[in-house]
Amino acid sequence: MTDTATGTAPSRTTATRAMPSALKLGLSRGMVETKMFFREKDAVVFTFAFPIILLMLFGSIFAGPLEGSGVTVSQLYTAGLIGAGVMGAGFQSLGIGIAGDRDDGTLKRLAGTPMPRSAYFIGKIINVLVIAFLEVVILLAIGVLMYDLDLPGQVSSWVTFAWVFVLGVTAAALLGTAVSSLPRSAKSAAAVISMPFVVLQFISGVFIPFTQMPEWLINIASVFPLKWMCQGFRAVFLGDGGAMLELTKSYELDRVALVLGAWVIGGLVLCLTTFRWKGRRDG
C-alpha cells in the first residue's frame, strides 16, 4: 500500500506502534501491585502490624540492659525485627500473594497477554521494596522514640545498611517466588509459608540471642538468610557494643555478604526450576 500524496509506502514504525519496554511495563505493574496491596486492609494490617506488635510487646516486657554491651534488650529486638520485617515482606507476603495469583487464574491470564513475563516480576519486586522500606521506617521510628535507639551517624554504616537491605530483599523475594509453588491452593498458602517463617525467626536470633541457644539450632539457622540479615542490621544499629552479643564477638560482615549473595543465586535457580504459571488443577 502506498501513500497517495507521495507515492511511497509508509514506514514500519508509523504503521505499527512499538510495544513498551519490559521495564516500563514492570514499573506500571508495580504501581498496580502496590495499589492493590494497600486496598486489601487485612493484608496491610497483618504485614505491618505483626512485627510492630511484637516489637512493642517484647520491647516493653524485656527492656533491661544486656550486661557488658551497652545495648538494651529492646534495641536488640528492634534490629532483629527489622530483619524479620524485610524477610517477611519478600518471603511471606510475596509467596502468599503469588500463590493467590496462581490459584485465581491471574498468572494464567497474564501469561497469555503480550506483556513480557518479566514485567510481572518487576512489579512484584517494586511492591516488595515499598513494603520492606516502610516496614523498616516504622520499626526504626518505634526503636528511636520508645527504646532510645541511636541512628548511625557514619556514612559507612548506612552503606552497610543499603547492601544488607538490597541483598536481603532480593534473596527473600526470590525465595518467596520459589516457595509460592508449594501450596496446593491459595487457602493453604498462609499456613504452608507462614509456619516455617515463624520457626525461622525464633532460631535466627530475632527473639532469642544466639548465646542462649543450643549449637544444633544455631547451625540450622546459619544455613538460612534471616540469621545473616539480622546480624547485618545489628551491625548497623547496635554498633560495637552489640558485637559483644555475637558468638564470635564480631558481626562478620564479609560472611553476611557471602551468604546473602549465595542465597540470591540459589533463589534465582530455584525460581527458574520450580515456578509455575498454572495451578495444579490446570495441568
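The values are calculated or read from the model by the stated rules, or taken from the named source; none is laboratory data. Just so it is clear, the model here is predicted, and its values are computed rather than measured. Heads up, the Cβs are rebuilt from the backbone with ideal geometry, glycines too, and the neighbour counts pull from every protein chain shown. Heavy atoms of the whole protein, side chains included, go into the accessibility calculation; ligands, DNA and RNA do not. Shrake-Rupley method; radii C 1.70, N 1.55, O 1.52, S 1.80 Å.
Structure data summary
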quantity: Of all residues making up the range 67-89, the number that are under 16 Å from Met244 (Cα atoms) and of a type in the set (A, V, I, L, M); calculated: 4
quantity: Every residue from the range 182-201 that is surrounded by fewer than 19 Cβ atoms within 10 Å (Cβ to Cβ) and in a loop (DSSP other than H, G, I, E, B); calculated: Leu182, Arg184, Ser185
quantity: Matching residues in the range 250-283 - criterion: being without any contact (Cβ under 8 Å) to a residue 12 or more places away in the chain and within 22 Å of Trp158 (Cβ to Cβ); calculated: Ser250, Asp254, Leu258
quantity: Verdict on Leu129 being in contact (Cβ under 8 Å) with a residue 24 or more places away in the chain, open to solvent by 40 Å² or more (accessible area, probe 1.4 Å) and within 15 Å of Phe38 (Cα to Cα); calculated: yes
quantity: Verdict on Thr273 being under 16 Å from Leu66 (Cα atoms) and either in contact with an Asp or Glu (Cβ under 9 Å, 6 or more places away or on another chain) or open to solvent by 40 Å² or more (accessible area, probe 1.4 Å) (or both); calculated: no
quantity: Which listed residue is open to solvent by 70 Å² or more (accessible area, probe 1.4 Å) and either touching a residue at least 60 places away in the same chain (Cβ under 8 Å) or over 17 Å from Trp163 (Cβ atoms) (or both), from Leu217, Leu247; calculated: Leu247
quantity: Flag for Gln75 being over 18 Å from the mean Cα position of the chain (by Cα) and part of a helix (DSSP H, G or I); calculated: yes
quantity: Test for Leu247: is it out of contact with any Pro (no Cβ under 7 Å at 6 or more places or on another chain), assigned to a loop (DSSP other than H, G, I, E, B) and of a type outside the set (Gly, Ala, Ser); calculated: yes
quantity: Failed criterion for Ile265 (all others in (1) more than 27 Å from Phe62 (Cα to Cα); (2) among the aliphatic types (A, V, I, L, M); (3) surrounded by 16 or more Cβ atoms within 10 Å (Cβ to Cβ) hold); calculated: (3)
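Matching residues to (1) within 25 Å of the chain's Cα centre (by Cα); (2) open to solvent by less than 90 Å² (accessible area, probe 1.4 Å); (3) modelled with pLDDT of 85 or more:
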position	(1), (2), (3)
Leu25	yes, yes, no
Met31	yes, no, yes
Lys35	yes, no, yes
Pro51	yes, yes, yes
